[in-house]
1. Along Cα→Cβ, 7 Å out, is where each label goes; now give me the distance between the ones at Ala62 and Val436 in nm to one decimal.
2. Based on Cβ point charges of +1 for Lys and Arg and -1 for Asp and Glu, what charge dipole magnitude is obtained for the chain about its Cα centre, in debye rounded to the nearest 20?
3. Rounded, prolate or oblate: which one fits the range 390-449, using the alpha carbon gyration tensor with axes a ≥ b ≥ c (rounded when a/c is under 1.5, else prolate when a/b beats b/c, else oblate)?
4. Under a straight-distance cross-link criterion of Cα-Cα below 21 Å, which lysines are reachable from Lys210, leaving out those fewer than 8 residues away in the same chain?
5. Expressed as a whole percent, how much of the Cα-Cα distance distribution for the chain exceeds 45 Å?
6. What are the residues whose amide H is under 5 Å from the amide H of Asp181, where those residues sit 5 or more places off or on another chain and H is modelled from the backbone?
7. Expected output is a single nm value to one decimal: the length gained when fully extending between Phe502 and Ala230, i.e. 0.36 nm times separation in residues minus the C-alpha distance. What is it?
8. Would you mind checking the range 191-234 for residues with the amide N under 20 Å from a putative spin-label position 7 Å along Cα→C-beta of Leu358?
Amino acid sequence: MLKHVWLLPLVAGLCSVPARAQSPAKPIPEIVHKGGRYALLVDSEPFLILGAQCHNSSAWPAMLPKVWPAIDALHANTLEIPVYWEQFEPEPGRYDTSVVDLILRQAREHRARLVLLWFATWKNGSSHYIPLWAKDQPDKFPLIVGKNGASVDSPSPHSAASLQADETAFAALMRHLRQVDPERTVIMVQVENEAGSWGSVRDYSPAAEKLFAGAVPPELLKALGVVTPAGADWATAFGPNADEYFHAWSVAHYIGQVAAAGKREYPLPMYANAALRDPLTPGPAGTYESGGPTDNVLGIWKVAAPALDVLSPDIYQSDSVRYRRALALYARPDNPLFVPETGGGAGYPRLCFAALGLGAIGWSPFGLDYTSYSTEPQGAPRMSEAALGPIALNYRMLEPLMREAALLNFEGKLQALAEEPGQARQMLDFGSWKAVVTFGAGGRNNSTKGNATPIGRCLVAQLGEDEFLVTAAYAKVDFTPANGLKRGFRRVEEGAYEDGVFKPIRIWNGDETDYGLSFYSAPQLVRVVLSTY
Ligand code: DGJ
């Protein structure tokens with residue numbers, strides 16, 4: 001599903017779609033990869049999602065006026081927003097596109113892109129978003145059965161009728177998008193939401209039991225490198241992991257088919273998001289949501305759902321060791337790193353730079369609107385422009401180089417990091433130069449204690465042998481040459497990219513360079529040419 005790209009410039013050979021007469025269609029967004037790195041191409045160029053996800057019940061026309069002001073205040077370039085199956089298909093086969101059309105129109109007015117979240121068979125492991133007419137047919141839309149024979153509040157992945165209904169509705173949504181969005185306002189689609197089950201590791205219904213006692217699909221055994229007698233059942237092939245692997249396969253296979261049905265209509269990039277296991281001490285299956293794309297079953301999802309381009313972590317652990325581990329588990333040669341949900345509270349903003357440092361194509365905190373709901377302690381207690389400030393700082397820092405950062409990351413020339421508690425100094429190694437980042441220091445102050453709370457962040461990208469782009473907050477950045485000589489600043493310009501050209505607004509010199517390059521709470525981007533003496 002992912003295109004392998006060898007050469008730059010990135011001109012995607014993309015098909016065009018039927019467009020409205022007056023506006024020629026732009027190329028369809030796609031994810032490309034090269035040497036284990038990824039880029040999301042939007043209008044044929046790498047694009048970095050500086051995202052924000054609204055609350056679950058914010059995608060109603062009456063709520064949108066409380067969403068957009070937050071998106072604007074954040075300087076987010078992408079809104080992640082649900083499409084509810086219950087709203088989209090109020091009667092079987094009748095599709096109400098009015099809400100999605102309104103969201104598209106308003107996104108264009110706000111010059112924002114969209115990631116649409118298809119809340120359908122699964123939402124956080126349950127099926128609360130299926131239409132009422134589906135809720136009234138429990139035989140066609142069954143729940144799973146726990147080991148004790150009791151129903152569990154989670155949809156069965158083994159119902160052909162519910163799969164067909166979901167596929168059909170999702171295909172209708174994608175067909176509609178293809179017709180009404182030649183501008184490519186929608187750049188990616190999430191298929192379901194945190195799929196899997198809480199309360200049972202798998203389905204123990206008679207239908208599921210029959211499948212569980214049947215042969216494991218040979219393509220799965222091959223992909224996982226499991227050698228087992230031909231026709232082996234799940235328990236024989238996977239022993240103690242069998243229940244969980246069976247559920248992961250079943251859920252992934254279902255969602256892969258929904259995604260494929262949508263892609264046949266309109267092949268936008270698609271992903272599934274995971275409610276994570278603890279990335280350091282996961283515990284046994286059943287203590288976390290089972291069946292979703294958790295880190296231990298990514299290989300199963302890749303085989304079962306090839307129509308999905310990305311498997312994504314929803315990261316709600318603000319301790320940076322866990323956070324960075326979760327990022328690393330999903331930044332794989334076979335998987336682009338995209339964080340579609342993360343906390344919106346104080347501990348999170350700097351961690352955007354940890355994601356960028358691992359090549360992320362996007363990052364998006366959850367629950368950022370003014371609809372008066374709060375996911376405290378994950379988010380800020382009450383959303384206000386002040387509460388959004390630390391995330392807005394990220395996006396104001398990254399906005400002036402958004403396209404360039406995505407391209408430089410794709411080329412492996414960008415490094416970024418977040419301040420770690422108790423670690424005032426960190427190093428970024430570019431071979432002939434090292435960037436030395438000191439947090440909590442500025443101007444003549446060379447404190448080695450770090451910031452009082454770790455809020456520092458830094459990005460450095462190499463443009464040429466001695467030329468770098470730097471942006472940072474609450475940090476001082478300097479460079480050391482590997483050849484043992486001393487560093488000189490030949491030229492330091494503050495500016496921004498406009499249409500791919502760096503436009504300086506001033507030269508930094510004197511106090512601004514004599515003690516290294518100091519960044520405080522203002523978004524500043526500098527282009528640095530270094531020398532040695
Ligand atoms: C993760 C889910 O994916 C979101 O839809 C939302 O329910 C958040 N959790 C709330 O914290």
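Bear in mind these aren't lab numbers, they're just calculated from the coordinates by the rules spelled out. None of the values given here were measured: they were computed from a predicted structure. Positions of Cβ are backbone-derived with ideal geometry, glycine not excepted, and every protein chain shown enters the neighbour counts.
1. Taking the simple label geometry, Ala62 and Val436 are separated by 6.0 nm.
2. Value, rounded to 20: 1080 debye.
3. Details: a/c = 2.29, a/b = 1.36, b/c = 1.68.
Cα axes put the range 390-449 in the oblate bin.
4. Excluding near neighbours in sequence, the set is Lys140, Lys147.
5. Numbers: 23054 of 141778 pairs.
More than 45 Å apart: 16 percent of the Cα pairs in the chain.
6. Long-range HN contacts for Asp181: none found.
7. On the way: separation 272, 0.36 × 272 = 97.92 nm, distance 6.09 nm.
Extending this stretch completely gives an extra 91.8 nm.
8. 194-195
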